[in-house]
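Chemist: Take a look at this one; I'll ask things after.
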Amino acid sequence: MKKAAWAGLLLALAALPASAALRTVGAVVQARSTGDGLDLRLSSGASVHIGFATPDVVRVRMSPTGKFTPDASYAIVGTPPRARAVSTHKGGAVELRSDTGTRVVIRKSPELAISVYDRGGQLVVADDAARPMAFNPQDGAIETSMHRDDFELYYGFGEKTLPISRHQQSMVMWNSDVADYPAGHDPSYQSIPFFIALHEGKSYGLFFNNTWRSWFDMGKTDTSRYSFGANGGELDYYVFTGGAERTPASVVRDYTALTGRGALPPLWALGYQQSRWSYMTQEKVLDVAAEFRKRQIPADVIYLDIDHMDGFRVFTWNPKTFPEPKKMLDQLHGDGFHAVTIVDPGVKLDDKYAIYRSGREQGIYVRNADDSELHAKVWPGICAFPDFTLPAARAWFGSLYQAPLDVGVDGFWNDMDEPGVFSPDDFTGPEISVGPQRTFPRDAKHAGDGMPGTHAQYHNVYGMQMARASFEGLRQLRPEQRPLVLTRAGFAGIQRYAAVWTGDNSPTWTHLALTIPMLTNLSVSGVPFVGADVGGFMGSPSAELYTRWLQAAALTPYFRTHSNDVSAPREPWAFGAGFEKINRASIELRYQLLPYLYTLFADNERSGLPPMRPLWFAYPADTQASLVDDQYLAGGDLMVAPVVHEGKTSRLVYFPKGDAWIDWWDGTRHEGGSYANMEAPLDRLLLFVRAGATVPTSAVVQHTSDMKNAPLTLAVAVGAKGGSHVFQDAGDGYGYHDGASRIIDVVQDEHGVRLEIPPNSGYQRVGAIEFVGLKAAPAAVRIDGKEVRDAHFDASTHRLRVVLPDENVKQLVLTP
Ligand code: MIG
């Protein structure tokens, strides 16, 4: 394609959807009550269903054809739920009410208009009467618009590279391989058509359940409305009113109840991970691993990128450079390392390659519109691609993991799963572009799990269904261990199968800063296990940038250094002794806080609350917090304020209103609602603990397999009442489903702490309590009434350390 034609295509893709051929749904001509709501027939011939998924979650469906497709969704766990609703007809309107009193008011003419009210009677969201729901009968496009108040903010939408709130932005959902993406570039690798709105301290959420290429205009074209739509399918969306709380947390809870929650990862997957494209030989892999141990820099995982394969054939080993994978993996395991290998969806077209042949024999590859096998070029050359929307293809692909498991591979990394393919040889366009050359043709055929359709319909779920094949295959082949699957592409619900990394970022300060809005927005989109390549993938960071990045990322959920094939070496020691020392400290901090991070993941499985949180998420009523994009919360109790600018050794920190914050390092107290300009030399990560919280920390170990024997210290941040808990289990497997775990409870009041420590069946023992933020040494410390002599107060850190005689401790009381 010529450059000019290419630019034209890009413009066409970016163009706003409003089109002359759009036709509005019209007036309601017939309304029929169903148990969960109403079936409406519209004057345009369209059908609309409005009902409740749960008593606080409203669902709207519109089919331009008048007929609904079977109610199945890749995003939703099981069958979409329905809750009871009672309808009342009032003149020109119908009102639907759920069991909690959440209401939908439906105006019938001249055009259908829907308004949703929360339990308390407050308006949540209303159709913009000036832009009714519409469709294009020619090409199948659909759209709708909502009234927007000027001060409403929007978060979520997956991993967009936009500013932290996406108000007055427009976005496209079309999974794209966007190597070297600049800030602001859209679309990206992931498509999660879900957002959380924040308005005057109250939240609601909206999930557009549509896998086609979709778009959102959040007040960009007109600040008084937002619109969304897609190239095809039904206009099917859920409004999460947030129930009684109307908080971001209640919205995410309800959204993840629908689309699923992240399965608890194995503990080792929360350790530090080292990667590179590629460690080229098995000796090199072993050398890198050995170097970590020699230098006493903790690490748990090492990655094998595409060069470990034989001519990039998936599930093979290069016989020259990796002649003895089992031996290598045994040695790694002996050294406390886990290994992750990359898996690409493209299967090399090669009749001598058994995996390709078996896939062809079983008819599991994606087909062209003319039914021939679809071929496209990727790393191995011409490839065929499993149709992951075909159950048999998922099962087939899942079974292929037997071979790597047999030699001892621990986890898997799905790449190129947008799907991304190379451009044809005559391609001259910009490499990050999202043209049709870079994926399958729109008319390629997919099985769609019984609802056959085109690539245009299923493109956005390809990566997610590949992750599902990986995850389900691993669950079946190795049921006693939790899978680690990492994916680049995904759709709403991807959290059920995989961790997500943000692809091919760049070694720039802008990209370091971008990690916070990207990862926090991905987190609140229901995806807990997220991270960015530390240092930036696309080249070589300066020593300062790498060091700051490692520091900033130390408390992000997924923590991996990775770089491309032409980058300078990027191990934590690669920048000289001075930087190595700081990098070691960043990774050690990670390991100290692992018991806390692990508890956050266990909590996520039950609440959907992400481990990494933006400030606005926890402090929705604090308007000062709503646009903070250079600080993040790790869970509810720790706040990180990294330096993300070159040459800076101090920065302004905001302390959100409603809590007081204690400096992790020196114990200084900062009141909520205040700012402080803080010193942050290169070796200092600004870290704060919420007053009233207790954070478990571990003694530093070199890898998580050694954690069991490392004692815990419970760090109690003084100055407020509070309660905290610590989750412990074996760190892998599913014993915790059957009670093989324990939860330590800590309650803090003005005198000290009360502990509930259940019997220990092999978990990290509680060895000490540290009170953080004490102004002075207390006159006396009592454990269960008995005065302790050897409590140690450090005046420079304002920490009081009390070593416990054993775990049979109920209460510590401090006398000032
Ligand atoms: O076309 O496998 O994002 O992490 O190192 C590049 C080689 C393919 C892209 C991934 C990157 C990985 C690289 N891959």
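Chemist: In contact (Cβ under 8 Å) with a residue 60 or more places away in the chain, closer than 20 Å to GLY242 by Cβ and either within 16 Å of the ligand (Cβ to nearest atom) or part of a loop (DSSP other than H, G, I, E, B) (or both): which single residue out of SER203, SER165 fits that description?
Modeler: SER165
Chemist: Still on this structure, please answer the following. How many residues are open to solvent by less than 10 Å² (accessible area, probe 1.4 Å), part of a strand (DSSP E or B) and either farther than 30 Å from ARG475 by Cβ or among the small types (Gly, Ala, Ser) (or both) when one looks only at the stretch 691-747?
Modeler: Summing the residues that are open to solvent by less than 10 Å² (accessible area, probe 1.4 Å), part of a strand (DSSP E or B) and either farther than 30 Å from ARG475 by Cβ or among the small types (Gly, Ala, Ser) (or both) in the stretch 691-747 gives 9.
Chemist: Do the conditions hold for TYR238, that is, is it in a strand (DSSP E or B) and touching a residue at least 12 places away in the same chain (Cβ under 8 Å)?
Modeler: Judged against the criteria, TYR238 is a match.
Chemist: Further, regarding this structure: Just to check your reading of the model, which residue among VAL644, VAL653 is in contact (Cβ under 8 Å) with a residue 24 or more places away in the chain, part of a loop (DSSP other than H, G, I, E, B) and not basic (Lys, Arg)?
Modeler: VAL644
Chemist: Given the conditions (1) within 16 Å of the ligand (Cβ to nearest atom); (2) part of a loop (DSSP other than H, G, I, E, B), and given that GLY262 satisfies all but one, which numbered condition is not satisfied?
Modeler: For GLY262, the exception is condition (1).
Chemist: Going through SER170, SER191 one at a time, which residue ends up being of a type outside the set (Phe, Trp, Tyr) and open to solvent by less than 10 Å² (accessible area, probe 1.4 Å)?
Modeler: SER191
Chemist: What's the total number of residues in the stretch 782-816 that are open to solvent by less than 30 Å² (accessible area, probe 1.4 Å) and touching a Leu at 6+ places or on another chain (Cβ under 6 Å)?
Modeler: 3
Chemist: Can you say whether GLU291 is more than 16 Å from the ligand (Cβ to nearest atom) and farther than 24 Å from ARG613 by Cβ, as far as the supplied structure shows?
Modeler: Yes; evaluated as a whole, the condition is true for this residue.
Chemist: In this structure, is SER176 open to solvent by less than 20 Å² (accessible area, probe 1.4 Å), in contact (Cβ under 8 Å) with a residue 40 or more places away in the chain and not in a loop (DSSP other than H, G, I, E, B)? Explain how you work it out, then say what you get.
Modeler: On the way: open to solvent by less than 20 Å² (accessible area, probe 1.4 Å): yes; in contact (Cβ under 8 Å) with a residue 40 or more places away in the chain: yes; not in a loop (DSSP other than H, G, I, E, B): no.
Criteria not met by SER176.
Chemist: Only residues in the stretch 402-416 that are away from the ligand (no atom under 16 Å from the Cβ) count as the first member; pair them with residues that are open to solvent by less than 10 Å² (accessible area, probe 1.4 Å) and in a helix (DSSP H, G or I), Cβ under 6 angstrom, at least 6 apart or cross-chain, and list the lot.
Modeler: Close Cβ pairs satisfying both conditions: VAL407/LEU329; GLY408/LEU329.
Chemist: Can I ask one more? When both residues are 6+ apart or on different chains and their Cβ atoms are under 9 Å apart, which pairs have a first residue that lies in the stretch 117-138 and is among the hydroxyl-bearing types (Ser, Thr, Tyr), and a second that is at pLDDT 95 or above?
Modeler: TYR117/GLY101; TYR117/THR102; TYR117/ARG103; TYR117/VAL104; TYR117/VAL105; TYR117/LEU123; TYR117/VAL124; TYR117/THR241
Chemist: Turning to a different aspect of this structure: With ALA641, ALA680, ALA634 as the choices, which residue is over 24 Å from VAL527 (Cα atoms) and either of a type in the set (Phe, Trp, Tyr) or open to solvent by less than 40 Å² (accessible area, probe 1.4 Å) (or both)?
Modeler: Among ALA641, ALA680, ALA634, only ALA680 is over 24 Å from VAL527 (Cα atoms) and either of a type in the set (Phe, Trp, Tyr) or open to solvent by less than 40 Å² (accessible area, probe 1.4 Å) (or both).
Chemist: Which numbered condition in (1) farther than 27 Å from ARG496 by Cβ; (2) open to solvent by less than 30 Å² (accessible area, probe 1.4 Å) is the only one that PRO595 fails?
Modeler: Among (1) farther than 27 Å from ARG496 by Cβ; (2) open to solvent by less than 30 Å² (accessible area, probe 1.4 Å), PRO595 violates only (1).
Chemist: Being hydroxyl-bearing (Ser, Thr, Tyr) and touching a strand residue (DSSP E or B) at 6+ places or on another chain (Cβ under 6 Å), is that true of even one residue in the stretch 392-401?
Modeler: No: zero hits.
Chemist: Which of the following residues is basic (Lys, Arg) and more than 18 Å from THR561 (Cα to Cα): ARG276, ARG253?
Modeler: ARG253
Chemist: Could you check, for the stretch 241-258, whether at least one of its residues is among the small types (Gly, Ala, Ser), crowded, with 24+ Cβ neighbours inside 10 Å and over 20 Å from the mean Cα position of the chain (by Cα)? Walk me through it before giving the result.
Modeler: Filtering the stretch 241-258 for residues among the small types (Gly, Ala, Ser) gives 242-244, 249-250, 257.
Of the ones still in play, those that are also crowded, with 24+ Cβ neighbours inside 10 Å are 242.
Right, trim to over 20 Å from the mean Cα position of the chain (by Cα) and you get 242.
Yes, because at least one residue in the stretch 241-258 is among the small types (Gly, Ala, Ser), crowded, with 24+ Cβ neighbours inside 10 Å and over 20 Å from the mean Cα position of the chain (by Cα).
Chemist: Further, regarding this structure: Could you list, in sequence order, the residues of the stretch 343-378 that are aromatic (Phe, Trp, Tyr) and within 17 Å of THR389 (Cβ to Cβ)?
Modeler: Within the stretch 343-378, just TYR365 meets the criteria.
Chemist: Could I ask something else about it? Go through the stretch 34-52 and give me each residue that's over 29 Å from LYS220 (Cβ atoms), at pLDDT 95 or above and assigned to a strand (DSSP E or B).
Modeler: The first filter runs over the stretch 34-52 and keeps only residues over 29 Å from LYS220 (Cβ atoms), leaving 34-41, 43, 45, 47, 49, 51-52.
Keeping just the survivors that are at pLDDT 95 or above gives 37-41, 43, 45, 47, 49, 51-52.
Once the filter is applied, which keeps residues that are over 29 Å from LYS220 (Cβ atoms), at pLDDT 95 or above and assigned to a strand (DSSP E or B), the stretch 34-52 yields GLY37, LEU38, ASP39, LEU40, ARG41, SER47, HIS49, GLY51, PHE52.
Chemist: Looking only at the stretch 457-492, how many residues end up being buried (at least 24 other Cβ atoms within 10 Å of the Cβ), assigned to a loop (DSSP other than H, G, I, E, B) and away from the ligand (no atom under 15 Å from the Cβ)?
Modeler: Going through the stretch 457-492 one residue at a time, the tally reaches 2.
Chemist: In this structure, does PHE157 turn out to be open to solvent by less than 10 Å² (accessible area, probe 1.4 Å), within 29 Å of THR439 (Cα to Cα) and free of Cβ contacts under 8 Å to residues at least 60 places away in the same chain?
Modeler: No, not satisfied.
Chemist: Then there's this: Within the stretch 224-240, can you find the residues that are among the small types (Gly, Ala, Ser) and open to solvent by less than 10 Å² (accessible area, probe 1.4 Å)?
Modeler: Those that are among the small types (Gly, Ala, Ser) and open to solvent by less than 10 Å² (accessible area, probe 1.4 Å): SER227, GLY229, ALA230, GLY232.
Chemist: Residue by residue through the stretch 556-585, note down the ones that are farther than 17 Å from ILE306 by Cα, among the hydrophobic types (A, V, I, L, M, F, W, C) and part of a loop (DSSP other than H, G, I, E, B).
Modeler: Residues satisfying the conditions are PHE559, ALA568, TRP573, ALA574, PHE575.
Chemist: Could you give me the residue pairs with C-beta distances under 6 Å whose first residue belongs to the stretch 266-285 and is over 12 Å from ALA299 (Cβ atoms) and within 12 Å of the ligand (Cβ to nearest atom), whose second residue is part of a helix (DSSP H, G or I) and among the charged types (D, E, K, R) wherever it lies, and which are 6+ apart or on separate chains?
Modeler: SER278/ASP307
Chemist: Moving to a separate point now. Out of the stretch 294-321, which residues are of a type in the set (Asp, Glu) and within 16 Å of the ligand (Cβ to nearest atom)? Quick ask: steps written out before the conclusion?
Modeler: The first filter runs over the stretch 294-321 and keeps only residues of a type in the set (Asp, Glu), leaving 300, 305, 307, 310.
Correct list: ASP305, ASP307, ASP310.
Chemist: Looking at ARG584, ARG606, ARG613, ARG590, which one is touching a residue at least 12 places away in the same chain (Cβ under 8 Å), open to solvent by less than 20 Å² (accessible area, probe 1.4 Å) and charged (D, E, K, R)?
Modeler: Answer to the selection: ARG590.
Chemist: What helices (runs of 4 or more DSSP H), lying completely within the stretch 280-397, carry at least 1 residues that are open to solvent by less than 60 Å² (accessible area, probe 1.4 Å) and β-branched (Val, Ile, Thr)? Before you say what the answer is, go through the steps one by one.
Modeler: On the way: elements: 282-295, 325-334, 354-361.
Output list reads 282-295, 354-361.
Chemist: Checking ARG107 against (1) without any contact (Cβ under 8 Å) to a residue 40 or more places away in the chain; (2) farther than 27 Å from ALA21 by Cα; (3) among the basic types (Lys, Arg), only one condition comes out false. Which one?
Modeler: (2)
Rundown of residues vs (1) without any contact (Cβ under 8 Å) to a residue 24 or more places away in the chain; (2) small (Gly, Ala, Ser); (3) buried (at least 24 other Cβ atoms within 10 Å of the Cβ); (4) within 12 Å of the ligand (Cβ to nearest atom), yes/no style:
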site: ARG496; (1), (2), (3), (4): no, no, no, no
site: ALA499; (1), (2), (3), (4): no, yes, yes, no
site: THR502; (1), (2), (3), (4): no, no, yes, yes
site: THR510; (1), (2), (3), (4): no, no, no, no
site: SER523; (1), (2), (3), (4): no, yes, yes, no
site: GLY539; (1), (2), (3), (4): no, yes, no, no
site: VAL566; (1), (2), (3), (4): no, no, no, yes
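The values are calculated or read from the model by the stated rules, or taken from the named source; none is laboratory data. The structure presented is a predicted model; accordingly, all values stated were derived computationally and were not measured. Heads up, the Cβs are rebuilt from the backbone with ideal geometry, glycines too, and the neighbour counts pull from every protein chain shown. These accessible areas exclude ligands, DNA and RNA; they are computed on the full protein's heavy atoms, side chains included. Shrake-Rupley method; radii C 1.70, N 1.55, O 1.52, S 1.80 Å.
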